[in-house]
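See below for the structure under consideration.
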Amino acid sequence: MAGRLQDKVCLITGSDGIAAATARVASNEGARVFIAGKDRETVEPLACELSAAAEVADLTRAGAAERVVEACCAAYGRLDALFNVAGASGRSFGDGPVHECTDEGWSMTLEVNLGTAFRMCRAALRVMLRQEPGAGGVRGAVLNMASVLAFSPERRFFATHAYAAAKAGVIGLTRSMAAYYASHGIRVNAIAPALVRTRMSLRAQSDERLLAFLAKKQPLSGGMLEPLDIAHTAVFLMSDEARATTGLVYTADGGWTTA
């Protein structure tokens, strides 16, 4: 039985956490996966595990997005789906409440989370616009990584205002792109997770007060979500099962926004 992504070329940025989980699920669903990440020690083992093509690249660097998309097309001949997972907390740069946020905290957080997504979208769309539609009648699908913090803030534990602004920017970019590219047969959606058990959330994973808070704030998962919770949603949104869906911000939050 064919998988939901059978023979589709899926480019995923990042190589651990949600990105790795999605790459595994997509591969199991028949996709030809291309992995792009900056950490060779996670990119290469994941690519080997999945027999996937890959590129080690720092997507904040000029020209990196174009090189990654070119490498993907050289390996597989087309690009059916892009999932922009790669991003980072800005705390180490100086992100925080606006009155405390440093200039570097602001600029680096927006660059890592919004700038890289913009450039990957630009490079991918240039390819998708000139390729023939797939079997489902769609030229391509773009999926961006947002966050519930963009529209459901939490002042005690997550007062990272540059990060919230960056993810709100991702949502605005996603919806604007969805409106523009629908007539070209390209779908654009976003996922807005709550707190997921990944390397980026290590600080939270050792904070007993925060874990107690999350048990109530994310009641469906009894605390932190797992990367697979997001991966299964991502695969659906990249597949032809979602061929009528664009401009959606899918909140995968374990109940965060309603708790």
| Can residue 65 be described as under 16 Å from the mean Cα position of the chain (by Cα), among the aliphatic types (A, V, I, L, M) and within 26 Å of residue 232 (Cβ to Cβ)? | no
| query | Does at least one position in region 10-18 carry a residue that is open to solvent by less than 10 Å² (accessible area, probe 1.4 Å) and of a type in the set (Gly, Ala, Ser)? | reply | no
| query | Which fully enclosed strands (runs of 3 or more DSSP E) of region 29-94 have 1 or more residues being within 17 Å of residue 200 (Cβ to Cβ)? | reply | 32-37, 81-84
| request: Hey, can you tell me all the residues within region 121-149 that are open to solvent by 30 Å² or more (accessible area, probe 1.4 Å) and part of a helix (DSSP H, G or I)? | output: 122, 126
| query | Can you pull out the residues in region 9-48 that are closer than 28 Å to residue 135 by Cα, out of contact with any strand residue (DSSP E or B) (no Cβ under 6 Å at 6 or more places or on another chain) and of a type in the set (D, E, K, R)? | reply | 24, 29
| query | Hey, residue 91 hits all of (1) more than 18 Å from residue 24 (Cα to Cα); (2) open to solvent by 50 Å² or more (accessible area, probe 1.4 Å); (3) out of contact with any His (no Cβ under 9 Å at 6 or more places or on another chain); (4) at pLDDT 95 or above but one; which does it fall short on? | reply | (4)
| Checklist (1) at pLDDT 95 or above; (2) closer than 20 Å to residue 37 by Cβ; (3) assigned to a loop (DSSP other than H, G, I, E, B); (4) out of contact with any strand residue (DSSP E or B) (no Cβ under 7 Å at 6 or more places or on another chain) applied to residue 99, failing item | (2)
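The values are calculated or read from the model by the stated rules, or taken from the named source; none is laboratory data. Predicted model, so just to flag it, every value in this text is computed and none were measured. Positions of Cβ are generated from backbone atoms using ideal geometry, with glycine treated the same way; all protein chains shown enter the neighbour counts. Side chains are part of the model used for accessible areas, which takes the heavy atoms of the whole protein and leaves out ligands, DNA and RNA. Shrake-Rupley method; radii C 1.70, N 1.55, O 1.52, S 1.80 Å.
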